[in-house]
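Working notes for the structure below.
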Amino acid sequence: MGDVVRVDASRWNAMTDSMRAILVDLLLHGPRPRAELARRLSLSPASLTKLTRPLIDRGLLVERGRQLQPETGRPSQPLEILPDWQHVVGVKINPEDLYAVRTDLRAVVRGEHDGRLAGHDVATVVEAIACAVEQLDPAGEVGTVGVSLAANIRPGDSVVRASHYLGWSQVPLARLLAQRTGRSIVLSNDVRALTAAQHWFGAGRQSRCFGVLTVGKGIGCGLVVNDAVVAGYDGHAGLVSHVPVHEGGPICRRGHRGCASAYLTSGSIARSLAASFDSKWSSFAEALDAARAGSPPALQVFHEACFALGVLTAEIANVIGPDRIVLSGEGIGMYDIAPDAVREGIDARIHWGASPFDLDVEPFAFSEWARGAAAVAIQSLLRPVGVRTITNEIPEDS
Ligand SMILES: [Zn+2]
């Protein structure tokens, strides 16, 4: 096992489920008076005091000054979580590179690192991730690392079952990384990780049922239903990228005519513009610039893409009945080109009986993917149900 050192497992392992519930409430909703916290969690004031005292003693919670509660007029001391008590690292693996962030417990980014992948063999990728972790945590203060990639990974998996772009099948990535880094490792599919970040720390924080739709090189769909991220029984939920949009549309790489992918991916947009109008715009970024400059052919392509975005939004809303849908991803800059077309797409496909929902368009930084991996690491500490964290202490055959 080498000279690896376990960092922080004991101080989290000692926490009861009730303590974690208190921490999750304060983390997601901010400081609360004791009385309100006790009421929300169905705890007696005495139980709350007993549960929070060790957390205050350890420096994870702090008591603020007394405040009068508006409902009762009684004084109460708000409790607040100190998010720097524990940092985590999140790493997103891409085909050519990786991006890593160090965050506090509120998933606020405290450090970033990007690195190239010299190859896709497992040892090279493990080494690149380990280097990123050591760059962001040279003092060994971080005990838990979330790792996300576009791959079939079920919640609790220690193995990457299949990754098309890495050419991997059944790779025990969590165990290898735990042994190499001495940290606990949590794996996640990248879109589910991004959805987890929206669920706890983003636009979905107040919602128990919402969807996340990302556009970029591919199309991603994350779903939260009954306050839980949906994975499907085998890790394959949310496959919406080839939903039919228009029967006379362009052809996607799978040979479908007029599916969402044929309109919406960065490659499809660049190809449509190059093939139909002018080959000088060969990338998504160039196409976006052309549309912003008012080029009619570029505006046409983005109008159709935004309509497709609206159709997918409506189909997700029809299935889960959300109170909001979050639009994001590295290609979401397209929304501002033709927001009316998004609405037209929604109106064209939404069921007449569907309840209204909010549409959140989230500005996207590439660090969001790594921040998603960090969010999954935070969830593994605070709500470990259904999340299996792999540590370097687990035997190889587990
Ligand atoms: Zn298709």
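Throughout, read-outs are computed from the coordinates displayed, never taken from laboratory work. Just so we're clear, the structure is a prediction, and the values are computed from it rather than from any experiment. Counting neighbours? That spans all protein chains shown, and the Cβs are built from the backbone with ideal geometry, glycine included.
With the charge dipole of the chain set up from +1 on Lys and Arg Cβ and -1 on Asp and Glu Cβ about the Cα centre, the Cα lying farthest toward the positive end among the listed residues 319, 268, 335 is that of 319.
Residue farthest toward the positive end of the dipole of region 161-253, with Cβ of Lys/Arg at +1 and Asp/Glu at -1: which of 166, 239, 184? Most positive-ward Cα: 184.
Between residue 141 and residue 340, the distance separating the two model label sites (each 7 Å from Cα on the Cα→Cβ line) works out to 5.2 nm.
In this structure the amide hydrogen of residue 146, modeled in the peptide plane, comes within under 5 Å of the amide hydrogens of 89, 90, 91, 186, 377, none closer than 5 places in sequence on its chain.
Remark: spin-label model distance residue 96-residue 227 equals 4.4 nm, labels positioned 7 Å along the Cα→Cβ axis.
Residues 335, 263, 165, arranged from fewest to most other Cβ atoms within 10 angstrom of their Cβ, appear as 165, 335, 263. Think of each Lys and Arg Cβ as +1 and each Asp and Glu Cβ as -1; about the Cα centre, that makes the dipole of region 207-361 roughly 400 debye. Legend: helices of the chain (whole DSSP H runs) are marked when their alpha-carbon atoms reach 24 angstrom or more along the helix axis and their mean Kyte-Doolittle hydropathy is at least -0.5; marked are 296-320. Take each peptide in 102-112, 371-381, 287-297, count the other Cβ atoms within 10 Å of every residue, and average; sorted highest first, the result is 371-381, 102-112, 287-297.
Footprinting exposure proxy ranking of 44, 282, fewest other C-beta atoms within 10 angstrom first, gives 44, 282. Taking 0.36 nm per residue of separation and subtracting the current Cα-Cα distance, fully stretching the chain between residue 131 and residue 40 would add 28.5 nm.
Listed by Cβ neighbour count within 10 Å, with the fewest neighbours leading, 92, 217, 50 appear as 50, 217, 92. For residue 324, the residues whose modelled amide H falls within less than 5 Å of its own, excluding neighbours fewer than 5 places apart on the same chain, are 211, 358. Taking 11 Å as the cut-off, the amide N atoms of region 33-68 that come nearer than this to a point 7 Å along the Cα-to-beta-carbon line of residue 82 belong to 56-63.
Full extension of the segment from residue 49 to residue 293, taken as 0.36 nm per residue of separation minus the current Cα-Cα distance, would add 81.8 nm.
If the segment from residue 56 to residue 348 were pulled out straight at 0.36 nm per residue, it would be longer than the present Cα-Cα gap by 99.7 nm. Taking a ≥ b ≥ c as the square roots of the Cα gyration tensor eigenvalues, the chain comes out oblate, since a/c reaches at least 1.5 and a/b does not exceed b/c. Summarising the label geometry, the points placed 7 Å from Cα in the beta-carbon direction at residue 123 and residue 358 lie 5.1 nm from one another.
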